Amino acid sequence: MRFTVAIDGPAAAGKGTISKALAVKFGFAYLDTGSLYRATGVKALEVGRGVIDPAVAAQLAGNLSQTDLDRTDLRTDVAGQAASKIAAMPDVRAALLEFQKNYARRDGGAVLDGRDIGTVICPEAEVKIYVTASDEIRAKRRHKELAQAKPELTVAQVLNDLRARDDRDAARDIAPMRPADDALLLDTTELSIEEAVRQAIIAVQAHLK
Ligand code: C5P
């Protein structure tokens, strides 16, 4: 059975939590596509000693290994910024395209979260959900995650970082972050995790026959 759930939206809106819960509930495979860009970004920074070369980044993207994806530093703010820089490079996106497309249409169902899943990677997805939340709520949530490893980080810094990343992701020429025309909009600003997940489950159930 092929069944794809495409979850898109800005950073820290709740995409990952919702996607993982859907994958468990329906027994689908789950791909966090942001980790592909994060792994490429941190590796490109290392290779270039702080300077990212687009050709090198594209080559790294095409040769990612499981070890690259298992790195424990992928969730940092540095990795997030590096990811959004290399994510605007057409050759990097091209190198990651096929893997994601195949993953989306694998047998048994798949949930993918990212920025362009419903628009570019899998426009034929059976369910598309665009998850958003206010900037302030997203910054507070992300700050809570990041402050454990970096206590000196302020909510204001996280907010700036998120806005810079969202602006770059939405303004780029290739595969910009935007809701697909047929996506369900899910605003989690006022929702508990349980309620957001419940609404997403209902959306999937409506399409599963
Ligand atoms: O989702 P996450 O915050 O881990 O993504 C990190 C960055 O990777 C995003 O800010 C975005 O620039 C890029 N990305 C993308 N397309 C995707 C997933 C992530 O451009 N499908």
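The values are calculated or read from the model by the stated rules, or taken from the named source; none is laboratory data. Just so it is clear, the structure is predicted and the values come from calculations on it, not from any experiment. Because the Cβ atoms are built from the backbone with ideal geometry, glycine has one as well, and the counts that use them run over all protein chains shown. Just so you know, the surface numbers come from the protein's heavy atoms only, side chains and all, with ligands and any DNA or RNA stripped out. Shrake-Rupley method; radii C 1.70, N 1.55, O 1.52, S 1.80 Å.
Annotations
- Matching residues, region 128-143, being assigned to a helix (DSSP H, G or I) and small (Gly, Ala, Ser): Ala139
- Scanning region 179-186 for any residue that is of a type in the set (Asp, Glu) and surrounded by 15 or more Cβ atoms within 10 Å (Cβ to Cβ) turns up nothing.
- Restricting region 92-127 to residues that are open to solvent by less than 30 Å² (accessible area, probe 1.4 Å) and part of a loop (DSSP other than H, G, I, E, B) leaves a set whose member that is farthest from the ligand (Cβ to nearest atom) is Gly109.
- Residues (crowded, with 24+ Cβ neighbours inside 10 Å and among the polar types (S, T, N, Q)) located in region 5-32: Ser19
- Filtered residues of region 162-175 (kept if touching a Lys or Arg at 6+ places or on another chain (Cβ under 8 Å) and surrounded by 13 or more Cβ atoms within 10 Å (Cβ to Cβ)): Leu162, Arg168, Asp169, Ile174, Ala175
- Tally of residues being open to solvent by 60 Å² or more (accessible area, probe 1.4 Å) and in a helix (DSSP H, G or I) across region 144-154: 2
- Lone unmet requirement of (1) under 22 Å from Leu74 (Cα atoms); (2) away from the ligand (no atom under 11 Å from the Cβ); (3) without any contact (Cβ under 8 Å) to a residue 12 or more places away in the chain; (4) not hydroxyl-bearing (Ser, Thr, Tyr) for Asp181: (1)
- Every listed requirement among (1) free of Cβ contacts under 8 Å to residues at least 60 places away in the same chain; (2) within 11 Å of the ligand (Cβ to nearest atom); (3) open to solvent by 10 Å² or more (accessible area, probe 1.4 Å); (4) not β-branched (Val, Ile, Thr) is met by Gln81 save one, (1).
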